[in-house]
Number of protein chains: 4
Amino acid sequence: MDHPLQTAKAWSRSRRRARPQDGDARTRILDAAEELFAGGGYEATPTARIAELAGVPKGLVFHYFPRKIDVLVSLVDERTVVTEEEVEALPGDAAGTLSRLARGLPLRASPAMRRILFREADTHLSVRERLGRLNSEIIRRARFALELALPGGRGDAARVEAAAATFAAVLLYQESICLLTGHHIDPDAVAELIANALH
Amino acid sequence: MDHPLQTAKAWSRSRRRARPQDGDARTRILDAAEELFAGGGYEATPTARIAELAGVPKGLVFHYFPRKIDVLVSLVDERTVVTEEEVEALPGDAAGTLSRLARGLPLRASPAMRRILFREADTHLSVRERLGRLNSEIIRRARFALELALPGGRGDAARVEAAAATFAAVLLYQESICLLTGHHIDPDAVAELIANALH
Amino acid sequence: MDHPLQTAKAWSRSRRRARPQDGDARTRILDAAEELFAGGGYEATPTARIAELAGVPKGLVFHYFPRKIDVLVSLVDERTVVTEEEVEALPGDAAGTLSRLARGLPLRASPAMRRILFREADTHLSVRERLGRLNSEIIRRARFALELALPGGRGDAARVEAAAATFAAVLLYQESICLLTGHHIDPDAVAELIANALH
Amino acid sequence: MDHPLQTAKAWSRSRRRARPQDGDARTRILDAAEELFAGGGYEATPTARIAELAGVPKGLVFHYFPRKIDVLVSLVDERTVVTEEEVEALPGDAAGTLSRLARGLPLRASPAMRRILFREADTHLSVRERLGRLNSEIIRRARFALELALPGGRGDAARVEAAAATFAAVLLYQESICLLTGHHIDPDAVAELIANALH
DNA sequence: TATGAATGAGAATTCATTCAT
DNA sequence: GATGAATGAATTCTCATTCAT
């Protein structure tokens, strides 16, 4: 379960504890890269700074990740998981279901990893793919929740689709928006808004 | 009115005609930078490539823009305008007003510049600020449209605010989302959705 | 007559007034160069900074001084004059004569120009020559003063020579020493010292 | 004991033997810089020339010395030592003591490093400080020698001070003067002169 | 595995100098 | 004379990557 206010550092610390079999150095390299890529971007981050922040010698980074891009790819591969479990939706409670979706994104990833997912999606195919899958999964869940909650009469599949997409857009970019523009959006309010819209 | 399919080149060519006093070289440098920054990103674009595409010697880039970042800043300063005109809103027609807002973002910028605005918001404060102003302006207009459309005594300013922010988020990132995930969002549907939500 | 405490700025201002026929721009360029060469050195001073400080366009510097080195050479040629007048020496008063020599170096040059003379002597022949001539002239005068002041018995030409050279060394480098090490030397005290030494 | 005619290269070669743990490349870079800075000056020496003379690739210079100025600073830090040992002064023999001081400046540095110390004092604070310390140390020793040599109750500390400062000035700049103006000063003669002056 | 020196291509930037107007 | 855009070689500095140990 993600705590949106949890820092990247705390997040990865807890994860490190959870998978102690990770080579310490390799994990520290990924931790450092996560922090730096999220902060300054992949291109602007020298591998030497990663090594420095990780407290490992420069050569070791290339021992584990032969090319710099492998650090990013590994980060995305190992630290963003789009969970595709069954959606738990209560019939009739669209707002609540969306709220729960907002609280538990189908994404196991630190806030830092989420930023990386957006920021580097332009440049690197594997990142873009992961982001696409995440987007689809949120939409799928939102659609499911809304369909379940709505009274039988269909026909407005398009409206449900728009609602799901809207919700996904807000969830996905909420953090970025806040960081970039300083404007905060409350996912619960959006959930309720969208649920209302479909009645 | 923006033609999303218009290329950055065509767009700026038409603008060049509008300001013929622009030094040819300086304009060509900005044109080239616009294209390259939009394509590969600021960090990944060497100034030498800008000069090459602009057809000017490397040194001239630094004659006009002492530091590389000045190219980006000038681009944003000179080629993106957040328009703050009066909102034309019809009382009672929230959906239509939002739709019109979606169709004509209060942003005068080429498609390329829009990508740059979103993509490089991390890179420099001035870009971030411009994006923030755009976000605020969209929210302001959406809020105005929704307030006008709603029956007099509604006290739930919070809901209106959430609706406006949601709309802004969807609009702003619609292009990015589409580019990144291939998923298209129909702004009109979102406009109607949000208008509905407040009844 | 030089006031050692007079600043370079005041000095050149008074001189500018004294030769109003100087082309204003050319003079301002030399003024600026004088200040900058003295402060940061010839090599470290771009011609663009000279133009900027002089308040003239960059091209004008090269109009008057086709190569950068010409600025330095002109500066030395025009703003350091080793005066080779007759020495006024009172027989019997070596200390007083040396003191007067210290107070009125046989050099018409601002403090800034004196620094330039030392600093750039390594690199540029014309500067070195001027410095050499100045050194010789001081020694010549000091020798003359000392010979005049001393009782008839010669034989200690070597001692007189050492005394004159010492005095010249102290005079010439006194400013530099002070600037570099913060240690101040009183020329009068040295004059008296040297005069005493020869009795 | 310094051999003034010993080349910088020979000098540092002998020192290299003394610290064989020095990385060969780093030492060669400093050797090359020493030679080039002494010859043409810091500003006029490109790092590429240093690398070339050292026989190392350009990048290695920056591996050891992240900024060019670090080469100069390291050179001064590591290759000039102002020795602050006890002064060996014979009571009553001021001239001899000063002579000995002249012959063995309290400075362990190659001839090249001495030139650099004087020439680049403007360029960086650390160089200036080192030169200042050398000046102070010479003055301290000269003062000590003169005080010891003088009859007990002399109260004219000011004259001793001027004498010491004069001696330091002559010693410090003797090399420069000679190089620049071709005029040689005999330190022994100056020592005797100054000793005489205080009687 | 682990290390940090070594490498060199390439990036940003500087700057003297030219030149058309 | 006066101007500032234009030029490109040279310079400082960066950095991914290799490699011997």
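The values are calculated or read from the model by the stated rules, or taken from the named source; none is laboratory data. No experiment lies behind these values; they were computed from the predicted model shown. Because the Cβ atoms are built from the backbone with ideal geometry, glycine has one as well, and the counts that use them run over all protein chains shown. Heads up: the accessible areas ignore ligands, DNA and RNA and are worked out on the full protein's heavy atoms, side chains in. Shrake-Rupley method; radii C 1.70, N 1.55, O 1.52, S 1.80 Å.
May I ask you to say which residue of B:Leu171, B:Leu193, B:Leu180 is closer than 30 Å to A:Leu36 by Cα, open to solvent by less than 60 Å² (accessible area, probe 1.4 Å), within 8 Å of chain A (Cβ to nearest Cβ) and in contact with a Leu (Cβ under 9 Å, 6 or more places away or on another chain)? None of the others qualify; the one that does is B:Leu180. Of everything in segment C:48-77, what is within 28 Å of C:Leu134 (Cα to Cα) and in contact with a helix residue (DSSP H, G or I) (Cβ under 7 Å, 6 or more places away or on another chain)? Give them in sequence order. The answer is C:Ile50, C:Tyr64, C:Phe65, C:Lys68, C:Val71, C:Leu72, C:Val73, C:Ser74, C:Leu75, C:Val76.
All of (1) open to solvent by 60 Å² or more (accessible area, probe 1.4 Å); (2) hydroxyl-bearing (Ser, Thr, Tyr); (3) closer than 30 Å to B:Arg140 by Cα hold for B:Tyr64 with one exception: (3). Looking for whichever is surrounded by fewer than 20 Cβ atoms within 10 Å (Cβ to Cβ), within 11 Å of DNA strand E (Cβ to nearest atom) and modelled with pLDDT under 95 here; the options are D:Gly23, D:Gly39. Which one fits? That would be D:Gly23, the only listed residue that is surrounded by fewer than 20 Cβ atoms within 10 Å (Cβ to Cβ), within 11 Å of DNA strand E (Cβ to nearest atom) and modelled with pLDDT under 95. Scanning segment B:56-103 for residues that are within 14 Å of another protein chain (Cβ to nearest Cβ) and among the small types (Gly, Ala, Ser), we see that the one that is nearest to DNA strand E (Cβ to nearest atom) is B:Gly59.
If you take just the helices (runs of 4 or more DSSP H) that sit entirely in segment C:25-90, which of them hold at least 2 residues that are within 11 Å of DNA strand F (Cβ to nearest atom)?
Numbers: elements: C:47-54, C:58-64, C:68-79.
Filter on segment C:25-90 gives C:47-54, C:58-64.
Within segment A:42-55, restricting attention to residues that are more than 12 Å from DNA strand E (Cβ to nearest atom) and surrounded by 21 or more Cβ atoms within 10 Å (Cβ to Cβ), which residue is nearest to the chain's Cα centre (by Cα)? Within segment A:42-55, the match that is nearest to the chain's Cα centre (by Cα) is A:Tyr42.
What do you reckon, is C:Ala162 outside the structural domain of C:Ile50 (by TED's automatic domain parsing) and open to solvent by less than 20 Å² (accessible area, probe 1.4 Å)?
Judged against the criteria, C:Ala162 is a match.
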